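These notes are about the structure you will find just below.
The values are calculated or read from the model by the stated rules, or taken from the named source; none is laboratory data. As the structure is a computational prediction, the values presented were derived from the model and not from experiment. Note that each Cβ is placed from the backbone with ideal geometry, even for glycine, and that neighbours are counted across all protein chains shown. Note: accessible area is taken over every heavy atom of the protein model, side chains too, but ligands, DNA and RNA are not part of it. Shrake-Rupley method; radii C 1.70, N 1.55, O 1.52, S 1.80 Å.
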Amino acid sequence: RRQHSMYMLLLSLTSAAALRPGPLRPQAVCRRRAALMSDDARGTPLGDLADKLSIGERIGQGTKNSWVNPAYWNRQFVTASHIANNVPNGSTVLELGKDAKNLYYVPSPEAMTLVVPPSNLIVEQGPIREAAAKLRVPFSLFTETPLDAVPLTAASFDAALLFDMLDGAPEQAAYGAVSLLANALKPGGVLLFAEREGANLPAICADFNLQVASEAEGGFDVGIATRRPPPSRQTRKQKAAAAARGRRRPVAVDPAKGGFGAAGGRGKAAPSREEKEAERARRKEEKVESKARAEEARRAEEQARAEKQARAAAEARAAAEA
């Protein structure tokens, strides 16, 4: 309530400043724009230019990176509604995050696990465990543990959460995060995400054979990735195709190149652009060849049918003449 009251006060001051009468000199307007757009002035005191800004502009400059910013509350609303509407009651939930805040949006969970990836920031477990204890459900916390060393049982979670964690992370780290969450999901389990469009998360989820449904929302990809249930019966060709899709070349993860760390040199290589293009070209060529074979088989069948009809007609004429 205190934060909301402060926000409404600042909003009223901004509106009052915006409605202040009196013409503005073009030179003053240019100084304001230069002050607001300057990289040196962004998020810092504006020095000599500070007296050239209105009250509303000063407030906007000082609060655009804080919780007072309306964009922050918009993201929180999207996150809360996304989790509350798409995580079933009684689910076991896994989150890759920074704190326990998003866990409060989960409706009636059975158990929850939070994985905080290694970073340069110091993570205090006390406040996180204290916040999670208020939910009164079994809670597990992993911090400062490389993602490929987190002791999670495969196919043991109903839902996984990934919200604004991959901004600026290398592609290798993003693949490692999705690998951890996808392997932990049960068949039919859902991965809820809201990541910046630059992370290209829907394409990464598709590479792990997850069924993805997403849409763009304010510079974020917001969506659901579902782990496909295993097919009941497969032909030999389908099994070979599934094995080929799931085959990946193991490489050693280099922590010096960024990411969330590695343990024992285990990891998965993200396919390069050339490899992806080669794979698409191969699939396209296979599709063309498959169509050509089908067309050839159809023509052969038509020719055989025509020959059979011609023989039948010849036999009928011979019988009539006899």
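Of note:
- Flag if Ala169 is within 21 Å of Phe220 (Cβ to Cβ) and surrounded by 21 or more Cβ atoms within 10 Å (Cβ to Cβ): no
- Among (1) open to solvent by 20 Å² or more (accessible area, probe 1.4 Å); (2) without any contact (Cβ under 8 Å) to a residue 40 or more places away in the chain; (3) in a strand (DSSP E or B) - the single one Pro187 does not satisfy: (2)
- Of the criteria (1) buried (at least 19 other Cβ atoms within 10 Å of the Cβ); (2) among the acidic types (Asp, Glu); (3) within 10 Å of the chain's Cα centre (by Cα), which one Asp158 fails: (3)
- Residue within the range 132-147 that is part of a loop (DSSP other than H, G, I, E, B) and under 16 Å from the mean Cα position of the chain (by Cα) present: no
- Filtering the range 78-91 to residues that are buried (at least 17 other Cβ atoms within 10 Å of the Cβ) and among the polar types (S, T, N, Q) leaves Thr79, Ser91.
Per-residue answers, yes or no, for (1) at pLDDT below 90; (2) open to solvent by 60 Å² or more (accessible area, probe 1.4 Å); (3) closer than 20 Å to Phe157 by Cα:
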site: Gly60; (1), (2), (3): yes, no, no
site: Asn65; (1), (2), (3): yes, yes, no
site: Val68; (1), (2), (3): yes, no, no
site: Gln76; (1), (2), (3): yes, no, no
site: Val93; (1), (2), (3): no, no, yes
site: Leu96; (1), (2), (3): no, no, yes
site: Pro109; (1), (2), (3): no, no, yes
site: Met112; (1), (2), (3): no, no, yes
site: Pro127; (1), (2), (3): yes, yes, no
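Results for (1) open to solvent by 100 Å² or more (accessible area, probe 1.4 Å); (2) modelled with pLDDT of 85 or more, shown as yes or no for each residue.
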residue: Ile224; (1), (2): no, yes
residue: Arg227; (1), (2): no, yes
residue: Pro231; (1), (2): no, no
residue: Lys239; (1), (2): yes, no
residue: Ala243; (1), (2): no, no
residue: Arg299; (1), (2): yes, yes
